[in-house]
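The values are calculated or read from the model by the stated rules, or taken from the named source; none is laboratory data. As the structure is a prediction and not an experimental result, all values here were calculated from the model. When we count neighbours, we look across all protein chains shown, and the Cβ atoms used for this are built from the backbone with ideal geometry, even at glycine. These area figures cover heavy atoms from the full protein model, side chains too; ligands, DNA and RNA do not enter into them. Shrake-Rupley method; radii C 1.70, N 1.55, O 1.52, S 1.80 Å.
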Amino acid sequence: AVLVAADTIVTAAHCLFLGSGAAPASPYNLTFTPNKGALPALPPSRGIAFKGVGGIIHGGKLRDQDIANDWAVVTISPPVPGVQPLPVAELPVSGMLQLVASGDRLVTAGYGNGTYDELRLHPPCRIIPQAELGMQPADSVLVTSGEFRVGDAGGPVLLIDCAGQPALVGIFSSVGRNPKTAEPLGLAVNARNFMLYLHQPVVRSNELQNG
């Protein structure tokens, strides 16, 4: 999950299925550990409400339409002190490509499937124009090069400008393969898909319903 406000995190919707659970978790079953594995050590916060969820999505191999909805915005308490939340950018894929061409860096990160105790940056990667892959261009999904691990879902896709300032542009969802070269691909939901929900009133609910 990614901290986007002192009291708000964003993660992948399929991450709400904890363990072998047949239904998505209540927000009260979610614990967010800020700055995990790094210093300063900070106390955890608990989920208290969903601000918005893109869909009821199980893990595993996701359909293309699932990736666009693979997000959840969760209110947490207490608010997290001492960590700067990531600003969220609402950009089309073409806008991201233009920023990269002008000098921004694309950065992704994750914990892997329990592999690491702290957040690790992935090797350098790039946004791949969907037309290169024979896909219908759509701003709802980001396709990136590079390797990801099972367990990295819910991690950030960032653009870092020339001054070193980051902006969250996506949430990592799943992996795929380039149909032309078989190289691994990272698939992420564009942050613009959930931008509206970052500023919505809290909707308190113990359960998510289908539909």
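Laid out as a table, the results:
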item: Test set (1) in contact with a Gly (Cβ under 8 Å, 6 or more places away or on another chain); (2) within 24 Å of residue 167 (Cα to Cα) - residue 28 fails condition number; result: (2)
item: Among the residues listed as 14, 58, the single one being assigned to a helix (DSSP H, G or I) and touching a residue at least 24 places away in the same chain (Cβ under 8 Å); result: 14
item: The stretch 10-49, subset within 14 Å of residue 77 (Cβ to Cβ) and open to solvent by less than 10 Å² (accessible area, probe 1.4 Å), residue modelled with the lowest pLDDT; result: 34
item: Hits in the stretch 139-160 - residues which are at pLDDT 85 or above, small (Gly, Ala, Ser) and either under 17 Å from residue 2 (Cα atoms) or open to solvent by 40 Å² or more (accessible area, probe 1.4 Å) (or both); result: 153, 154, 155
item: Sole residue being of a type in the set (Lys, Arg) and at pLDDT 90 or above, chosen from 177, 192, 204; result: 192
item: Options 41, 49: the member that is of a type in the set (Gly, Ala, Ser) and in a strand (DSSP E or B); result: 49
item: Condition broken by residue 134, with the remaining ones in (1) in contact (Cβ under 8 Å) with a residue 12 or more places away in the chain; (2) open to solvent by less than 20 Å² (accessible area, probe 1.4 Å); (3) over 28 Å from residue 27 (Cα atoms) satisfied; result: (2)
